Amino acid sequence: MKLVIANKNYSSWSMRPWIAMKAAGIAFEEVFVPFGSPLGNDEFKQRLAAYTPAGMVPVLIDGDTQVWETLAILEYLAETFPDRRLWPADAGARAQARALAAEMHAGFAALRRECPMNIRRPVRPRTLSTAAQHNVARIEAMWGEARARHGGPFLFGKFCAADAMYAPVVTRLATYGIKVSRETLGYMEAVMALPAFAEWRAGALAEPWIVAEDEIDWPTVL
Amino acid sequence: MTLRLIIGNKNYSSWSLRPWIAMKAADIAFDETVISLYVEGSEAAIRAHSPAGKVPILIDGQGDREVRVWESLAILEYLAEKFPAAQLWPSDPAARALARAISTEMHAGFVPLRQQCGMNMWRPPAKRDLSEDANANIARVQALWTDARTRFGAGGPFLFGRFCAADAMYAPIVSRFETYAIDVSAPVAAYMQAVIALPAWQEWRRAALRETWVIRKFEYDWPDVKRLAADAA
């Protein structure tokens, strides 16, 4: 099984299935196709095309089957490795986990725009628009409710696909010094303490490529 | 205890159409509650059902056992698990993986197309000028449909042969292509006709054409509101 991903520093979509597979102990070969300066966009597209016609990352390649879109990859993994319990075992909890994951998949545009994932950026607080503040409030409410109901430390007790979907949000809240509740901080610490998270972060810190659009202090790169 | 689906206006709410048509086409019984979007009190009415503040919402059971599911994709996954005999996803794993990939791409994508061609079932079909991005979306959708039909569609007229959750996810796009008279290939037109011929589609459309709530931001000819007759074929 191969997982095609892009930069660990910037590619939030790549991080989601990667951390899910690592945390669940699913073995895979990582195919790394970076973007950003000094590489050009055409070069990225060409190198990606050598692995997949999907034209986007991440892509999971399992024999003849290519799966794109993060949520679809997570569903495929959950079915292929049922003993790894990528979704909660209880049907009600599973439905809630999928709703949280789907809301992340299509939502929180303001927060994503104002706080792009940039793991190597030193922590500096940033002022958010009202729309992004609403995103943060909604995320904190969902996390808080799920953890209160299922006991933590992760959203549904044990680490699951919903946590993988929100892992890049954890990095964003940390990187941009967003003020959050103690409960939210407790959740963020649980995610950041995962060996898989530390491994991803170490990879990100070692990367040389720069993407200007994701550097909010541009032309300064902190 | 039956299932309950909270939805928005049938004329405009594309997200509501998705689980609704999936349940109808799969013969899953449910009660529906319609809440008009963008009118006074509608936000509070929706929030009373779900803190996400969005339709559709599926409610299953009550009391301690009640499960509330929001987000169309999550609702479809819940239904697929609860009613395995309905085969809401294709049974072949490779087909199922593709069905989920294209459903997910719909869930978060095609923003220019969605913005420039809002679902509006009562609008008489007429072309609109579209941006390059929206036209790229249309090309991508046609390519996805054609690829699914070519690889997995042999058993019937739908994306994966028989009607499945992926068809439900794209049903509002079929409506938009029709309403905005989008030029499509012959195979895509044939697929659209199969969706439009579904009794569930016809039932939804009849109800949409009879609705009285008008939402200005979805009426591109405002202050004109062009409407098909309520009994239009």
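The values are calculated or read from the model by the stated rules, or taken from the named source; none is laboratory data. Quantities reported herein were computed from a predicted structural model and do not represent experimental measurements. We place every Cβ from the backbone using ideal geometry, glycine too, and count neighbours over all the protein chains shown. Heads up: the accessible areas ignore ligands, DNA and RNA and are worked out on the full protein's heavy atoms, side chains in. Shrake-Rupley method; radii C 1.70, N 1.55, O 1.52, S 1.80 Å.
For residue B:110, indicate whether it is of a type in the set (Phe, Trp, Tyr) and on the phi < 0 side of the Ramachandran plot.
Values: of a type in the set (Phe, Trp, Tyr): yes; on the phi < 0 side of the Ramachandran plot: no.
Judged against the criteria, residue B:110 is not a match.
Residue by residue, here is whether (1) more than 10 Å from chain A (Cβ to nearest Cβ); (2) open to solvent by 20 Å² or more (accessible area, probe 1.4 Å); (3) of a type in the set (Gly, Ala, Ser) holds:
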residue: B:51; (1), (2), (3): no, yes, no
residue: B:56; (1), (2), (3): yes, no, no
residue: B:63; (1), (2), (3): yes, yes, yes
residue: B:69; (1), (2), (3): no, no, no
residue: B:72; (1), (2), (3): no, no, yes
residue: B:84; (1), (2), (3): yes, yes, no
residue: B:87; (1), (2), (3): yes, yes, no
residue: B:92; (1), (2), (3): yes, yes, no
residue: B:99; (1), (2), (3): no, no, yes
Inset, instruction - Assess whether residue A:70 counts as being within 28 Å of residue B:94 (Cβ to Cβ), facing another protein chain (nearest Cβ under 10 Å) and over 20 Å from the mean Cα position of the chain (by Cα). - result: no
Inset, instruction - Could you tell me which of the residues A:141, A:148, A:137, A:131 is modelled with pLDDT of 95 or more and farther than 30 Å from residue A:85 by Cα? - result: A:131
Inset, instruction - Would you check if residue A:116 is more than 9 Å from chain B (Cβ to nearest Cβ) and touching a Gly at 6+ places or on another chain (Cβ under 9 Å)? - result: no
Legend entry - Within region A:121-146, tally of residues that are under 19 Å from residue A:167 (Cβ atoms), more than 14 Å from every other protein chain (Cβ to nearest Cβ) and open to solvent by 50 Å² or more (accessible area, probe 1.4 Å): 1
Inset, instruction - Could you tell me whether residue A:38 is over 27 Å from residue A:109 (Cβ atoms), open to solvent by 50 Å² or more (accessible area, probe 1.4 Å) and touching a residue at least 60 places away in the same chain (Cβ under 8 Å)? - result: yes
Inset, instruction - Any chance you could count how many residues in region A:82-112 are more than 13 Å from every other protein chain (Cβ to nearest Cβ) and either in contact (Cβ under 8 Å) with a residue 60 or more places away in the chain or of a type in the set (Lys, Arg) (or both)? - result: 3
Legend entry - Selection from region A:145-172 of residues that are of a type outside the set (Lys, Arg), over 25 Å from residue A:76 (Cα atoms), over 19 Å from the mean Cα position of the chain (by Cα) and assigned to a helix (DSSP H, G or I): A:145, A:148
Inset, instruction - All but one of (1) within 14 Å of another protein chain (Cβ to nearest Cβ); (2) under 22 Å from residue B:151 (Cβ atoms); (3) surrounded by 15 or more Cβ atoms within 10 Å (Cβ to Cβ); (4) out of contact with any Asp or Glu (no Cβ under 8 Å at 6 or more places or on another chain) hold for residue A:64, so report the exception by its number. - result: (3)
Legend entry - Filter result (crowded, with 20+ Cβ neighbours inside 10 Å and either farther than 21 Å from residue B:98 by Cβ or out of contact with any Phe, Trp or Tyr (no Cβ under 8 Å at 6 or more places or on another chain) (or both)) within region A:67-84: A:68, A:69, A:71, A:72, A:73, A:74, A:75, A:76, A:77
Legend entry - Evaluation of residue A:51 against (1) among the hydroxyl-bearing types (Ser, Thr, Tyr); (2) at the interface with chain B (Cβ under 10 Å from one of its Cβ atoms); (3) open to solvent by 60 Å² or more (accessible area, probe 1.4 Å) (one fails), failing number: (2)
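Applying the selection to region B:156-181, what residues are in contact with a strand residue (DSSP E or B) (Cβ under 6 Å, 6 or more places away or on another chain) and surrounded by fewer than 21 Cβ atoms within 10 Å (Cβ to Cβ)?
Restricting attention to region B:156-181, the residues satisfying the condition of being in contact with a strand residue (DSSP E or B) (Cβ under 6 Å, 6 or more places away or on another chain) are B:156, B:167.
The answer is B:156, and nothing else.
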Inset, instruction - Within region A:80-129, count every residue that is among the hydroxyl-bearing types (Ser, Thr, Tyr) and closer than 17 Å to residue B:77 by Cβ. - result: 1
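So that you can scan it fast, the table gives a plain yes or no per residue for (1) of a type in the set (Val, Ile, Thr); (2) modelled with pLDDT of 95 or more; (3) surrounded by fewer than 19 Cβ atoms within 10 Å (Cβ to Cβ); (4) not in a loop (DSSP other than H, G, I, E, B):
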site: B:136; (1), (2), (3), (4): no, yes, yes, yes
site: B:141; (1), (2), (3), (4): yes, yes, no, yes
site: B:154; (1), (2), (3), (4): no, yes, yes, no
site: B:183; (1), (2), (3), (4): no, yes, yes, no
site: B:190; (1), (2), (3), (4): no, yes, yes, yes
site: B:201; (1), (2), (3), (4): no, yes, no, yes
Legend entry - Where a residue in region B:1-19 is farther than 18 Å from residue B:167 by Cβ and its partner, wherever it lies, is open to solvent by 20 Å² or more (accessible area, probe 1.4 Å) and among the polar types (S, T, N, Q), with Cβ under 6 Å and at least six apart: B:6/B:33
Inset, instruction - Identify, by number, the condition in (1) facing chain A (nearest Cβ under 8 Å); (2) open to solvent by less than 20 Å² (accessible area, probe 1.4 Å); (3) in a loop (DSSP other than H, G, I, E, B) that residue B:77 doesn't meet. - result: (3)
Inset, instruction - Being open to solvent by 20 Å² or more (accessible area, probe 1.4 Å) and without any contact (Cβ under 8 Å) to a residue 60 or more places away in the chain is the filter; apply it to region B:106-115 and report the residue that is nearest to the other protein chains (Cβ to nearest Cβ). - result: B:108
Legend entry - Residues (closer than 24 Å to residue A:97 by Cβ, of a type outside the set (Asp, Glu) and either in the same structural domain as residue A:9 (by TED's automatic domain parsing) or over 12 Å from the mean Cα position of the chain (by Cα) (or both)) located in region A:173-191: A:173, A:174, A:178, A:180, A:181, A:182, A:184, A:185, A:186, A:187, A:188, A:190
Inset, instruction - Please enumerate the residues belonging to region B:55-82 that are more than 21 Å from residue A:74 (Cα to Cα) and not aliphatic (A, V, I, L, M). - result: B:56, B:60, B:61, B:62, B:63, B:64, B:65, B:66, B:68
